[in-house]
1. Would you check if Leu221 is surrounded by 16 or more Cβ atoms within 10 Å (Cβ to Cβ), touching a strand residue (DSSP E or B) at 6+ places or on another chain (Cβ under 9 Å) and within 27 Å of Asn160 (Cβ to Cβ)?
2. Residue check, Gly256 against (1) on the phi > 0 side of the Ramachandran plot; (2) surrounded by fewer than 13 Cβ atoms within 10 Å (Cβ to Cβ), all met but one. Which one?
3. Give the residue that is nearest to Lys173 (Cα to Cα), with candidates limited to residues of region 224-250 that are surrounded by fewer than 17 Cβ atoms within 10 Å (Cβ to Cβ) and of a type outside the set (S, T, N, Q).
4. Being surrounded by 21 or more Cβ atoms within 10 Å (Cβ to Cβ) and under 23 Å from Leu172 (Cα atoms) is true for just one of Ala105, Ala109. Which residue is that?
5. So which residues in region 83-133 are closer than 18 Å to Asn176 by Cα, outside any loop (DSSP other than H, G, I, E, B) and among the acidic types (Asp, Glu)?
6. Listed residues Glu159, Glu140, Glu89; which is closer than 17 Å to Tyr202 by Cα and open to solvent by 70 Å² or more (accessible area, probe 1.4 Å)?
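The values are calculated or read from the model by the stated rules, or taken from the named source; none is laboratory data. Since the structure is predicted, the reported quantities are computational estimates derived from the model, not experimental observations. FYI the Cβ positions are ideal-geometry reconstructions off the backbone, even for glycines, and counts take in every protein chain you see. For the accessible areas, the whole protein counts, side chains as well, though only heavy atoms, and no ligand, DNA or RNA atoms are used. Shrake-Rupley method; radii C 1.70, N 1.55, O 1.52, S 1.80 Å.
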Amino acid sequence: MKTLFCFCITVSWIVSGLAWRNDQETQVMPGSPFGKELNAYLKLRRERRALPPADEPEDGPTPAPGPDTSDLPTCLLCVCLTGSVYCEEVSPDMTTIPTLPKETAYLYARFNKIEKIRTKDFEDYVTLKRIDLTGNLISEIEDGAFSKLSVLEELSLAENNLVRLPMLPAKLKSFNANHNFLKTNGVKATAFKKMTRLMNLYMSDNQLEAVPMIPDSVRILHLQNNNITEVNVNTFCKSNDTYYLRPTLSEVRLDGNPVVLSKYPDSFICMNVLPVGKYR
């Protein structure tokens, strides 16, 4: 009799549990790192499900439209790991910088359709160390967009539609703006002057007419496939300091530019290596 009683109680508990699951959405435990976002999304789904159905056309029901990225928490659209957010080729199209978890240090939002970066997009994420926005449609970046990113070390804006560079963080170690539409008048002469930690500078496949001012810290400089027509003694060296040397500058690419480097023999005397480019 005791065994039968326990069996009945167990069956009753299972049936009631299944019934509850059919009527309710599972809630994330409060301790989950993204519990608030996911619970908000589940609540939105319940509210939408409760709406009365619209009249259906005679030829059948109208297909439900795809989700809007503005309605979805970032960590349901992207992959969020501890300190890293991966939003690559997001579907439906991601056209703006997403809202990030507060502790984000690394953002990879490559191959989306982001068009503009606003000052407010990153102002709350002072822990960011790396941002990769390669392969978007960015044509405008407000000057204060990166102003509060005091620990940002790596920034990639490659393969976008930029015609000018904004103010860049002073502590950058690597900056990539390959494959844009940058001209010399869109890059301030002193754009990189205060970036004393910059080691890798990539600006190939643009429309630059001259070499910008390069900090002494730079090791790798890629300026191939631009419209650079000349260099001078002050481009890499210093005409007023014959003892000035640049031992750290180990790779300079100027190939694919109109400039004939052999016409400027005194322009590289402070360097350990000659630039790659056209010499005749």
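1. yes
2. The number of the failed condition is (2).
3. The first filter runs over region 224-250 and keeps only residues surrounded by fewer than 17 Cβ atoms within 10 Å (Cβ to Cβ), leaving 227, 229-230, 232-234, 238-245, 247-248, 250.
With the extra rule that they be of a type outside the set (S, T, N, Q), the set shrinks to 230, 233, 238, 241, 243-245, 247.
On the way: Glu230: 27, Val233: 26, Lys238: 23, Asp241: 27, Tyr243: 26, Tyr244: 23, Leu245: 21, Pro247: 17 Å.
Step by step, filter region 224-250, then rank; the result is Pro247.
4. Values: Ala105 fails: surrounded by 21 or more Cβ atoms within 10 Å (Cβ to Cβ).
Being surrounded by 21 or more Cβ atoms within 10 Å (Cβ to Cβ) and under 23 Å from Leu172 (Cα atoms) holds for just one of Ala105, Ala109, which is Ala109.
5. Asp132
6. On the way: Glu140 fails: closer than 17 Å to Tyr202 by Cα; Glu89 fails: closer than 17 Å to Tyr202 by Cα.
Result of the check over Glu159, Glu140, Glu89: Glu159.
Yes/no matrix, rows are residues, columns are (1) touching a helix residue (DSSP H, G or I) at 6+ places or on another chain (Cβ under 7 Å); (2) farther than 14 Å from Met271 by Cα; (3) free of Cβ contacts under 8 Å to residues at least 60 places away in the same chain:
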position: Met203; (1), (2), (3): no, yes, yes
position: Gln207; (1), (2), (3): no, yes, yes
position: Val211; (1), (2), (3): yes, yes, yes
position: Asn226; (1), (2), (3): no, yes, yes
position: Phe236; (1), (2), (3): yes, no, yes
position: Thr242; (1), (2), (3): no, no, yes
position: Leu245; (1), (2), (3): no, no, yes
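Quick grid of which residues meet (1) open to solvent by 60 Å² or more (accessible area, probe 1.4 Å); (2) under 18 Å from Pro166 (Cα atoms); (3) of a type in the set (Val, Ile, Thr):
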| site | (1), (2), (3) |
| --- | --- |
| Lys188 | yes, yes, no |
| Lys194 | yes, yes, no |
| Val260 | no, no, yes |
| Met271 | no, no, no |
